[in-house]
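What follows draws every value from the coordinates through simple rules; no lab data is involved. Quick caveat, the model's predicted, so the values are computed rather than measured. Note: ideal-geometry Cβ built from the backbone for every residue, glycine included; neighbour counts use all protein chains shown.
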Amino acid sequence: MTIETTSRPIDFYQIDELISEGDREVRDRVRAFCDDEVIPIIGGYWERAEFPFELIPKLAELGLAGGTIQGYGCPGLSSVANGIVSMELSRGDGSFETFLGVTSGLAMGTIFYCGSEEQKQRWLPSMAKLETIGAFGLTEPNVGSDASHIQTTARRSGDGWLLNGEKKWIGNATFADVIVIWARNQETNQINGFLVEKGSPGFDAQVIGGKISKRALINAHITMTDVLVPESNRLQKANSFKDTANVLKNTRYGVAWEAAGHAMAAFEIAREYAMQREQFGRPLARFQLIQEKLVHMLGDVTTMQLMCLRLSQLRDAGTMTEGQASLAKQHCCARARHVVALGREILGGNGILLEYHMARHFADMEAVYTYEGTNEINTMVVGREVTGQAAFV
Ligand SMILES: Cc1cc2nc3c(=O)[nH]c(=O)nc-3n(C[C@H](O)[C@H](O)[C@H](O)COP(=O)(O)OP(=O)(O)OC[C@H]3O[C@@H](n4cnc5c(N)ncnc54)[C@H](O)[C@@H]3O)c2cc1C
């Protein structure tokens, strides 16, 4: 039994009519790319835990890297279009989406928000063409959610800085040309950002093996021993953790869209399967209990699409708050995790086979649920905004 995964993308409330023609055009390009280039091959890469590097030039041709950044050769997409890109890529494959999310949203975003004009001019144009790939190193082996207490240090040395410490989970870091490293400035005790270039002596990045989620994404454990970074590579406007948090606020909204993409894929695959697979002499789709699952999934998918759309409109209007971004990340990830579980259930045993695509979305959603602020951390960010009381420091 072969399930057609590219048919009828779900848009139950005709959200299509709420987005501009230009944004729809971006959406169609990304959707076609995923349907034609990514989905047919990604299962093997996921299983072998390899990244499909040969797709990078084709992705570059789509002109998506840099997202909403204006100028510097970046596409200057609306936040709606940029979110839809995340949704469509995740609907195709989560590992591939995160590859772009890391270099475009996190690394380019950090350079855009925290870099000097000179630093932006130097890095962003080639990153927009995906000729230069970026990574973003915040999380450490001993410091995850409590990110403002990272232990990596930056000590002044002559005209530069010596970085020492470790980073864990850093996407793209084994092959990236430039890695944003967040470290504690030993003079001010504040968090600063540094651009570490590929091949810097003392910098080592090892692939993290044995993952059960986002297997085609390369994550690295980084060790830095007296890595010398010139002052010209210290991000001139990254002066405290507030600057880090601002970057994360601006990528978290995209992660909410990612969750929507995984949920869409799960719904579409499950619906096709239920209509084709027969048990007890009739298609699964004719059983009330199966329809109930599909309807629960559809309700969640539709809510996510609407929530993400509105969040992006708020971002485009320049009014999106940290709490609004965190609520969408927290809510969409929690619901999408439920949706992919129901989808896997509908496929029975085939739900754990890569060839039916559901298993990949089911497993990948676990990472999306955890990164860019876990469910608990984003919940507390929202809680702080609505009560004025911080449940964490
Ligand atoms: C696939 C993948 C890719 C990633 N890519 C990157 C990357 O490119 N760059 C990067 O810097 N990081 C990256 N990360 C790291 C990611 O952001 C962290 O995993 C995440 O922030 C959680 O940190 P942790 O795993 O150390 O969990 P911990 O912080 O140890 O948390 C463990 C559990 O405790 C809970 N918890 C923690 N504090 C509290 C509290 N105060 N109250 C209640 N519960 C709490 C958490 O919610 C979680 O459920 C990636 C992670 C994954 C899995």
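Quickly run through region 278-297 and pick out the residues that are surrounded by 18 or more Cβ atoms within 10 Å (Cβ to Cβ) and either in contact (Cβ under 8 Å) with a residue 24 or more places away in the chain or within 17 Å of ALA334 (Cα to Cα) (or both). It would help to see each step written out before you state the result.
Narrowing region 278-297 to residues surrounded by 18 or more Cβ atoms within 10 Å (Cβ to Cβ): 284-285, 290, 293-294, 297.
Selection gives LEU284, ILE290, LYS293, LEU294, MET297.
Does VAL386 qualify as being in contact with an Asp or Glu (Cβ under 9 Å, 6 or more places away or on another chain), of a type outside the set (D, E, K, R) and more than 16 Å from the ligand (Cβ to nearest atom)? So that I can check it myself, show each step before the final result.
Numbers: in contact with an Asp or Glu (Cβ under 9 Å, 6 or more places away or on another chain): no; of a type outside the set (D, E, K, R): yes; more than 16 Å from the ligand (Cβ to nearest atom): yes.
No; evaluated as a whole, the condition is false for this residue.
If we keep just the residues of region 132-157 that are farther than 26 Å from LEU100 by Cα and of a type in the set (D, E, K, R), which is nearest to the chain's Cα centre (by Cα)?
ARG155
In this structure, is ALA390 more than 23 Å from ARG48 (Cβ to Cβ) and hydrophobic (A, V, I, L, M, F, W, C)? If you could, list the steps in order and put the result at the bottom.
Details: more than 23 Å from ARG48 (Cβ to Cβ): yes; hydrophobic (A, V, I, L, M, F, W, C): yes.
The answer is yes for ALA390.
Does ALA359 meet the test of being without any contact (Cβ under 8 Å) to a residue 24 or more places away in the chain, within 16 Å of the ligand (Cβ to nearest atom), over 29 Å from GLY76 (Cα atoms) and not charged (D, E, K, R)?
Working: without any contact (Cβ under 8 Å) to a residue 24 or more places away in the chain: yes; within 16 Å of the ligand (Cβ to nearest atom): no; over 29 Å from GLY76 (Cα atoms): yes; not charged (D, E, K, R): yes.
In short, no.
If you go through region 324-356 one residue at a time, how many are of a type in the set (A, V, I, L, M) and free of Cβ contacts under 8 Å to residues at least 60 places away in the same chain? Walk me through it before giving the result.
Looking only at region 324-356, we keep the residues that are of a type in the set (A, V, I, L, M), and these are 325, 327-328, 334, 336, 339-342, 346-347, 352-354.
Subset that is free of Cβ contacts under 8 Å to residues at least 60 places away in the same chain: 327, 334, 341, 352-353.
Result for region 324-356: 5.
With respect to LYS120, is the statement that it is touching a strand residue (DSSP E or B) at 6+ places or on another chain (Cβ under 9 Å) and either of a type outside the set (A, V, I, L, M, F, W, C) or closer than 30 Å to ALA359 by Cα (or both) true?
Values: touching a strand residue (DSSP E or B) at 6+ places or on another chain (Cβ under 9 Å): no; either of a type outside the set (A, V, I, L, M, F, W, C) or closer than 30 Å to ALA359 by Cα (or both): yes.
No: the conditions fail for LYS120.
Return a yes/no flag: does region 111-123 have any residue that is farther than 22 Å from THR374 by Cα, out of contact with any His (no Cβ under 6 Å at 6 or more places or on another chain) and free of Cβ contacts under 8 Å to residues at least 40 places away in the same chain. Outline the logic, then answer.
Pass one, region 111-123, residues farther than 22 Å from THR374 by Cα: 111-123.
Still in the list and also out of contact with any His (no Cβ under 6 Å at 6 or more places or on another chain): 111-123.
This time we only want the ones that are free of Cβ contacts under 8 Å to residues at least 40 places away in the same chain, so: 117, 122.
Yes.
Based on this model, can you work out whether VAL255 counts as without any contact (Cβ under 8 Å) to a residue 24 or more places away in the chain and assigned to a helix (DSSP H, G or I)? Please lay out each step first, then the result.
Numbers: without any contact (Cβ under 8 Å) to a residue 24 or more places away in the chain: no; assigned to a helix (DSSP H, G or I): yes.
Taking the combined requirement at face value, the residue does not satisfy it.
Does GLY105 satisfy the criteria of being out of contact with any Leu (no Cβ under 9 Å at 6 or more places or on another chain) and either charged (D, E, K, R) or without any contact (Cβ under 8 Å) to a residue 12 or more places away in the chain (or both)? Step through it out loud before you land on a result.
On the way: out of contact with any Leu (no Cβ under 9 Å at 6 or more places or on another chain): yes; either charged (D, E, K, R) or without any contact (Cβ under 8 Å) to a residue 12 or more places away in the chain (or both): no.
It is false that GLY105 is out of contact with any Leu (no Cβ under 9 Å at 6 or more places or on another chain) and either charged (D, E, K, R) or without any contact (Cβ under 8 Å) to a residue 12 or more places away in the chain (or both).
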